[in-house]
1. Which residue out of Arg108, Arg169, Arg102 is more than 16 Å from the ligand (Cβ to nearest atom), among the charged types (D, E, K, R) and either in contact (Cβ under 8 Å) with a residue 24 or more places away in the chain or surrounded by fewer than 19 Cβ atoms within 10 Å (Cβ to Cβ) (or both)?
2. Select from segment 39-62 the residues that are assigned to a loop (DSSP other than H, G, I, E, B) and either under 15 Å from the mean Cα position of the chain (by Cα) or crowded, with 16+ Cβ neighbours inside 10 Å (or both) and list them in ascending order.
3. Report whether or not Phe7 is touching a residue at least 24 places away in the same chain (Cβ under 8 Å), within 16 Å of the ligand (Cβ to nearest atom) and touching a Leu at 6+ places or on another chain (Cβ under 6 Å).
4. Restricting attention to segment 111-129, which residues are more than 16 Å from the ligand (Cβ to nearest atom) and either hydrophobic (A, V, I, L, M, F, W, C) or modelled with pLDDT under 95 (or both)?
5. Out of Ala85, Ala97, which single residue is crowded, with 16+ Cβ neighbours inside 10 Å, within 27 Å of Arg169 (Cα to Cα) and away from the ligand (no atom under 15 Å from the Cβ)?
6. So if I check each of Leu115, Leu122, Leu36, which one is surrounded by fewer than 19 Cβ atoms within 10 Å (Cβ to Cβ), among the aliphatic types (A, V, I, L, M), within 25 Å of Trp179 (Cβ to Cβ) and out of contact with any Asp or Glu (no Cβ under 7 Å at 6 or more places or on another chain)?
7. Among the residues of segment 139-173, write down those that are closer than 21 Å to Val50 by Cα and assigned to a loop (DSSP other than H, G, I, E, B).
8. Has segment 174-184 got at least one residue that is more than 15 Å from the ligand (Cβ to nearest atom), in a helix (DSSP H, G or I) and touching a Pro at 6+ places or on another chain (Cβ under 8 Å)?
Amino acid sequence: MTVRALFLDRDGVINVDHGYVHRPDQVDFVPGIFELVAAATTRHWSVVVVTNQSGIGRGYYGEDEFRDLSEWMRARFAENGGNIAAVYHCPHHPRDALPDYRRACPDRKPEPGMLLRARDDLGLDLAGSVLVGDRPSDLEAACRAGVGARLLFDPEGRWPLPDEAGVARIRALPEVIGWLDGGGG
Ligand SMILES: [Mg+2]
């Protein structure tokens, strides 16, 4: 049996993107995110976080801090009826990173590596899955991976929308629940 995934970018979708967030006291959850993750959990979708974390590569914080914050977030979702199945992150950056982290990584969005690993690890049906991101690079990664529905969370209309089937702009996170219930908001 295959499982559908709700892929979530982290910064700008789960938490307000204040820039290189790495501690709980920096986290402001985006309105509607708990409702959305709980709705996906109830519907037996796997919620998978896919996040570029070049702040690690830049030396702003470490893998331990990232992992601790991920666990803290998981616990907040659990308190609100939501399950995070997995968290994938890419610490690399092609230019602006410490030598150990400076490389063009196939995981860094818009590359699709994290999504493809999640598919293999969790047995996901990507064509039946949904991704929510706040940047066109999130949607591009999902397009390359073959994710069926690619939603740009862009309340202020900052970004142009790719002219592709399966793409839509959303202005509030609970709108995504319509896609979980069978195609379209
Ligand atoms: Mg983002």
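1. On the way: Arg108 fails: more than 16 Å from the ligand (Cβ to nearest atom); Arg169 fails: more than 16 Å from the ligand (Cβ to nearest atom).
Of Arg108, Arg169, Arg102, the one residue that is more than 16 Å from the ligand (Cβ to nearest atom), among the charged types (D, E, K, R) and either in contact (Cβ under 8 Å) with a residue 24 or more places away in the chain or surrounded by fewer than 19 Cβ atoms within 10 Å (Cβ to Cβ) (or both) is Arg102.
2. Within segment 39-62, the first condition is being assigned to a loop (DSSP other than H, G, I, E, B), and the residues that meet it are 43-45, 53, 58-62.
Selection gives Trp45, Gln53, Arg58, Tyr61.
3. On the way: touching a residue at least 24 places away in the same chain (Cβ under 8 Å): yes; within 16 Å of the ligand (Cβ to nearest atom): yes; touching a Leu at 6+ places or on another chain (Cβ under 6 Å): yes.
So Phe7 passes the test.
4. Residues satisfying the conditions are Leu116, Ala118, Leu122, Leu124, Leu126, Ala127.
5. On the way: Ala97 fails: within 27 Å of Arg169 (Cα to Cα).
None of the other options fit; the residue is Ala85.
6. From the options Leu115, Leu122, Leu36, the qualifying one is Leu122.
7. Kept after step one, since they are closer than 21 Å to Val50 by Cα, are these residues of segment 139-173: 139-155, 159, 161-162, 166-173.
Residues satisfying the conditions are Gly146, Val147, Gly148, Asp154, Pro155, Trp159, Leu161, Pro162, Gly166, Arg171, Ala172.
8. No: segment 174-184 contains no residue that is more than 15 Å from the ligand (Cβ to nearest atom), in a helix (DSSP H, G or I) and touching a Pro at 6+ places or on another chain (Cβ under 8 Å).
The values are calculated or read from the model by the stated rules, or taken from the named source; none is laboratory data. These numbers come from a predicted model, not from an experiment. We place every Cβ from the backbone using ideal geometry, glycine too, and count neighbours over all the protein chains shown.
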